[in-house]
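Dropping a structure here in structure tokens format, bear with me for questions.
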Amino acid sequence: MRMARQAFVTCGAATLVLAVAGPLSAQDARVELGASAGWTLSDGVSFDGVIAGDGNIYTEIGPKDSASFSANIGFYVTPQVEVGFLWGRQKSTLEVLGTTTREVGDQNIDNYHGYLAYNFGEPDAKARFYVLGGAGATRYGSVPFQIGGSSAETSGETQFSTTWGAGVKLYLGNNFGIKLGARWTPTYIKSDGEGWWCDPYWGCYVVSDAQYSNQYEFSGGIVLRF
């Protein structure tokens, strides 16, 4: 929550600057701040079935669908092209699935991505559609859990990820607007051997199937530009 508070403090500071400096035209705006909240659909990865102490067979692990929020800062290098940084957090619960579903414990999933966005239309348009793509990392936080009467905690893990999104920004004035968007963040987790492939020239080698944990975020929020 500390990073979330920092994001909203930043947006508040930007609002104060705009109030003191007076309204800017959309043509003059070079920096854009955004904050959003929404819902994220998540999936995990599968593994060979494991018979647990409760008698159930578990074959998959991943985060539950849950609420999420994000903040970003973007810099316009042209009236349409924007480069920036985006941070997002999903407050989820890690669960294992199989013949039954069992919750392990609460887990935060943080995304850190540099991005490149293209904003369609002119800067002074009241509505601008956008698409974006980015690369960075996804951090799966540690998960506290209990086994019998004792407590423990899993270690966190950071993996490379990309993010892809699209949406619309609706400007209510030169400096303030709202945005609606959707974003997909696939994170590489592991590769499973699928068998052997043999070639007369290259010889034989193991073929692997990469597994990704996916986040599908649907959100709405505010936009400040100056």
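Where a number appears in this text, it was derived from the coordinates with a stated rule and is not lab data. Just so it is clear, the model here is predicted, and its values are computed rather than measured. Neighbour counts are summed over all protein chains in view; Cβ atoms, including those assigned to glycine, are modelled from backbone coordinates with ideal geometry.
Please give the net charge around Gly173, taking every other residue with its beta carbon less than 15 angstrom from that of Gly173, where Lys and Arg add +1 and Asp and Glu add -1.
Values: positive: Lys126, Arg128, Lys169, Lys179, Arg225; negative: Asp28, Glu32, Asp124.
So the environment of Gly173 carries a net charge of +2.
HN-Hα J couplings of region 46-57 from phi, Karplus 6.51/-1.76/1.60, θ = phi - 60°, integer Hz, Gly and Pro as x?
3J(HN,Hα) across region 46-57, in whole Hz: 9, 8, 4, x, 10, 8, 8, x, 7, x, 8, 9.
Using the 10 angstrom Cβ neighbour count as an exposure proxy, how do Ile61, Ile51, Ile178 rank, fewest first?
Numbers: Ile61 18, Ile51 11, Ile178 15.
Placing the least packed residue first, the sequence is Ile51, Ile178, Ile61.
Quickly rank 165-175, 89-99, 117-127 as a protection proxy: mean count of other C-beta atoms within 10 Å, highest first.
Details: 165-175: 17.0, 89-99: 18.5, 117-127: 14.6.
Averaged packing, sorted descending, gives the order 89-99, 165-175, 117-127.
Okay, moving on. Note down the net charge around Ile222, summing +1 for each Lys or Arg and -1 for each Asp or Glu among other residues with Cβ under 15 Å from its Cβ.
Details: positive: Arg128, Lys169, Lys179, Arg225; negative: Glu32.
Its environment carries a net charge of +3.
Two decimals is fine: what is log10 I(q)/I(0) at q = 0.17, 0.18, 0.19, 0.21 Å⁻¹ for region 84-192, from a Debye sum with one equal scatterer on every Cα and no solvent?
Debye output, listed in q order: -0.90, -0.96, -1.01, -1.13.
Note down the nm distance, to one decimal, between modelled labels 7 Å out along Cα→Cβ at Val81 and at Ala67.
3.9
So which aspartates and glutamates can Lys169 reach, going by Cα to Cα under 13 Å and dropping same-chain residues fewer than 8 places off?
Glu32, Glu122, Asp124
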